[in-house]
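Peer 1: Dropping the structure in here first, questions after.
The values are calculated or read from the model by the stated rules, or taken from the named source; none is laboratory data. Everything numeric in this text was worked out from a predicted model, so none of it was measured. Virtual Cβ from ideal backbone geometry, glycine too; neighbours counted across all protein chains shown.
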Amino acid sequence: MKPPPFPRPVDLAAAGALQRELTARVELAGSWAGVRRLAALDASIRRGGPLVAAAVLWDVAAGRVLAVGVARVAADEVFPYVPGYLSFREAPVYLAALEALGAEPDALLVDGQGIAHPRGLGIAAHLGVHTGLSSLGVAKSRLFGEPVGALAEEAGAAVPLCAENAPVGTPCVRGRQVGWVVRTRTRVKPVYVSPGHRIGMNEALAAVLALPRKTKLPEPLRQAHLWAGRARRLGLVGRQDIG
DNA sequence: GCGACAG
DNA sequence: ATCTTGTCGC
């Protein structure tokens, strides 16, 4: 089912109000145990150029790319990049890429934060609520929340990412957990994982660690990154052939 | 006022 | 995100 058009607020105040409104609709329960096909989303942009996004359909059981959808959106049609409001810049082109994909994934894996956001609505959570699909965010750097405790150097290590944090402890002693700092590769900078929509905190971590990876990013997201760059450089649009 | 700040 | 050369390592 095709989601409604993505609203474009008149200014940041209106955008913030919309985020607070939608945060109440985020569902923090569920798992990806039954997810057979997921769509990984990433974008590539160049100064003065359009936003180019790739939606990679990933077969979980086979561990491979099934199809790719590519779309472009002029930069002046969306918000500029403002930390905390990323979805108002990139979500439109992601939704267009999903449409170009022409398939219905069971869940969305997004390059960015889920609920680990000042108002609880990072781009992964926003896209989940907008589409009704389960979603989860994997970001390459931190936006919101503080890691609790020291993160071990070994792959698979993780510590909670907390808001309104208390001193050092294991879980968020007095604050609430908004995500995880996860070491996906030994001695490599960690990624920031947080639930988006219709998935629990522990399940989000399990879902990410269950995905294959060649670098610090889960393979579906790495593929989306590669396709977005390739699409931008080659001017690709629409459904792409793979292999 | 100063530092932080997904992509 | 993008701008960019070399370099270390499998």
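Peer 1: Within the stretch A:106-129, which residues are surrounded by fewer than 24 Cβ atoms within 10 Å (Cβ to Cβ), part of a loop (DSSP other than H, G, I, E, B) and at negative phi?
Peer 2: Scanning the stretch A:106-129 gives A:D106, A:P118, A:R119.
Peer 1: Right, next: Here are some conditions: (1) over 30 Å from A:K2 (Cβ atoms); (2) within 16 Å of DNA strand C (Cβ to nearest atom); (3) not β-branched (V, I, T). A:R176 meets all but one. Which one does it not meet?
Peer 2: The single condition A:R176 does not satisfy is (2).
Peer 1: Do we find a residue being surrounded by 19 or more Cβ atoms within 10 Å (Cβ to Cβ), within 16 Å of DNA strand B (Cβ to nearest atom), touching a residue at least 24 places away in the same chain (Cβ under 8 Å) and of a type outside the set (D, E, K, R) anywhere in the stretch A:153-164?
Peer 2: Within the stretch A:153-164, one or more residues are surrounded by 19 or more Cβ atoms within 10 Å (Cβ to Cβ), within 16 Å of DNA strand B (Cβ to nearest atom), touching a residue at least 24 places away in the same chain (Cβ under 8 Å) and of a type outside the set (D, E, K, R).
Residue-by-condition table, conditions (1) of a type in the set (A, V, I, L, M); (2) modelled with pLDDT of 95 or more:
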position: A:V191; (1), (2): yes, yes
position: A:S194; (1), (2): no, yes
position: A:R198; (1), (2): no, yes
position: A:N202; (1), (2): no, yes
position: A:L205; (1), (2): yes, yes
position: A:P212; (1), (2): no, yes
position: A:G229; (1), (2): no, yes
position: A:I242; (1), (2): yes, no
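Peer 1: May I ask you to list the residues in the stretch A:97-116 that are free of Cβ contacts under 8 Å to residues at least 60 places away in the same chain and either near DNA strand B (Cβ under 7 Å from one of its atoms) or more than 17 Å from A:A55 (Cα to Cα) (or both)?
Peer 2: Residue satisfying the conditions is A:G112 alone.
Peer 1: Looking at A:A71, A:A91, A:A97, A:A67 in this structure, which one is part of a strand (DSSP E or B) and either at pLDDT below 95 or surrounded by 21 or more Cβ atoms within 10 Å (Cβ to Cβ) (or both)?
Peer 2: A:A71
Peer 1: On to the next question. Which members of the stretch A:40-61 meet the condition of being more than 23 Å from A:Y81 (Cβ to Cβ) and either near DNA strand B (Cβ under 9 Å from one of its atoms) or of a type in the set (G, A, S) (or both)?
Peer 2: Result: A:A61, single match.
Peer 1: While we're looking at this one, here's another question. Given the criterion at pLDDT 95 or above, more than 16 Å from DNA strand C (Cβ to nearest atom), within 19 Å of A:V26 (Cα to Cα) and touching a Cys at 6+ places or on another chain (Cβ under 8 Å), identify the matching residue among A:G128, A:G145.
Peer 2: Result of the check over A:G128, A:G145: A:G145.
Peer 1: What pairs can you find where one residue is in the stretch A:75-96 and within 13 Å of DNA strand C (Cβ to nearest atom), the other is in a helix (DSSP H, G or I), and their Cβ atoms are less than 6 Å apart, with a gap of 6+ or different chains?
Peer 2: Within 6 Å, the pairs are A:Y81/A:R89; A:L86/A:I123.
Peer 1: Taking the condition of being among the β-branched types (V, I, T) and assigned to a loop (DSSP other than H, G, I, E, B), how many residues in the stretch A:189-243 meet it?
Peer 2: Of the residues in the stretch A:189-243, 4 are among the β-branched types (V, I, T) and assigned to a loop (DSSP other than H, G, I, E, B).
Peer 1: A:R8 versus (1) at pLDDT 95 or above; (2) under 25 Å from A:G200 (Cα atoms): which is the lone unmet condition?
Peer 2: (2)
Peer 1: Residues in the stretch A:19-42 that are surrounded by 17 or more Cβ atoms within 10 Å (Cβ to Cβ) and assigned to a helix (DSSP H, G or I): how many?
Peer 2: Looking only at that region, the number is 2.
Peer 1: Then there's this: If we keep just the residues of the stretch A:74-88 that are closer than 18 Å to A:G112 by Cα and assigned to a helix (DSSP H, G or I), which is nearest to DNA strand B (Cβ to nearest atom)?
Peer 2: Across the stretch A:74-88, the extreme among qualifying residues is A:S87.
Peer 1: If you don't mind, another one. Go through the residues of the stretch A:100-123 one by one and say whether even a single one is small (G, A, S), touching a helix residue (DSSP H, G or I) at 6+ places or on another chain (Cβ under 9 Å) and within 14 Å of DNA strand C (Cβ to nearest atom).
Peer 2: yes
Peer 1: Might you let me know whether the stretch A:187-202 holds any residue that is surrounded by fewer than 20 Cβ atoms within 10 Å (Cβ to Cβ) and either within 14 Å of DNA strand B (Cβ to nearest atom) or under 21 Å from A:A67 (Cα atoms) (or both)?
Peer 2: Looking through the stretch A:187-202, at least one residue is surrounded by fewer than 20 Cβ atoms within 10 Å (Cβ to Cβ) and either within 14 Å of DNA strand B (Cβ to nearest atom) or under 21 Å from A:A67 (Cα atoms) (or both).
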